[in-house]
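The values are calculated or read from the model by the stated rules, or taken from the named source; none is laboratory data. Values in this document were obtained by computation on a predicted structure and should not be read as measured data. A quick note on method: Cβ atoms are made from the backbone with ideal geometry, for glycine too, and the neighbour counts reach across all protein chains shown. Side chains are part of the model used for accessible areas, which takes the heavy atoms of the whole protein and leaves out ligands, DNA and RNA. Shrake-Rupley method; radii C 1.70, N 1.55, O 1.52, S 1.80 Å.
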Amino acid sequence: MQPPTILIIEDDDLQYEIYEEALAKYTLARVTNGTQALSHIPGHPPDLLILDHVLSEGELGLDFLPAFKELLPFVPIIIVSGALEVHQQMEALQGPRRAHYCLTKPVDIRALKRTVETALKECGEREAVRQFEALERSHRIDALDLFSRSTDRLSR
């Protein structure tokens, strides 16, 4: 079985070297800005995306977040940036076209590894399936409760 593929959108060579070392057990692909990522993704969809905010060509990673979620609706996205204020981090993590995690630079290697492992295990398609199953269970519980109350009334 092949290791998961991680697309890293990062223009800083030193930062990318940190990713190469920390995430060596995964297959890594790299682009340096959002425009390159949008052309890369259709032919090589990743299992996880790591997104910096300040990119080459003056692009900002968060500007591309909606497009990435449109192309990769079930792929977890981790934002890693030292340039985001708290309110920007909160906005990136909220709403339907959101990132799953936001880590600050300089990135803690242990936190990065743990976040990547968690994201691959618990986010994406598995997350959607769990949500649907929970919704299904809640409807079943409601239906069983309603059925129980109606049979109670009939027995009286």
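For A99, enumerate residues with amide H under 5 Å from its amide H, sequence gap 5+ or separate chain, H modeled in the peptide plane.
Amide H neighbours of A99: L93, Q94.
With a 1.4 Å probe and all protein chains kept in place, how do R98, R110 rank by accessible area, largest first? List each step's numbers first, then the result.
Numbers: R98 65, R110 170 Å².
Heavy-atom accessible area, descending, gives R110, R98.
If each of T35 and Q94 carries a label point 7 Å out from its Cα toward its Cβ, how far apart are those two points in nm?
3.2 nm
Could you go through segment 40-48 in sequence order and give the Karplus-derived ³J(HN,Hα) for each residue, using 6.51 cos²θ - 1.76 cosθ + 1.60 with θ = phi - 60°, rounded to whole Hz, and x for Gly and Pro?
Coupling constants for segment 40-48: 6, 4, x, x, 9, x, x, 8, 7 Hz.
I need the peptides 71-79, 24-32 ranked by packing, meaning the mean over residues of other C-beta atoms within 10 angstrom, with the highest value on top.
Numbers: 71-79: 20.0, 24-32: 15.7.
Those peptides, ordered most packed to least, come out 71-79, 24-32.
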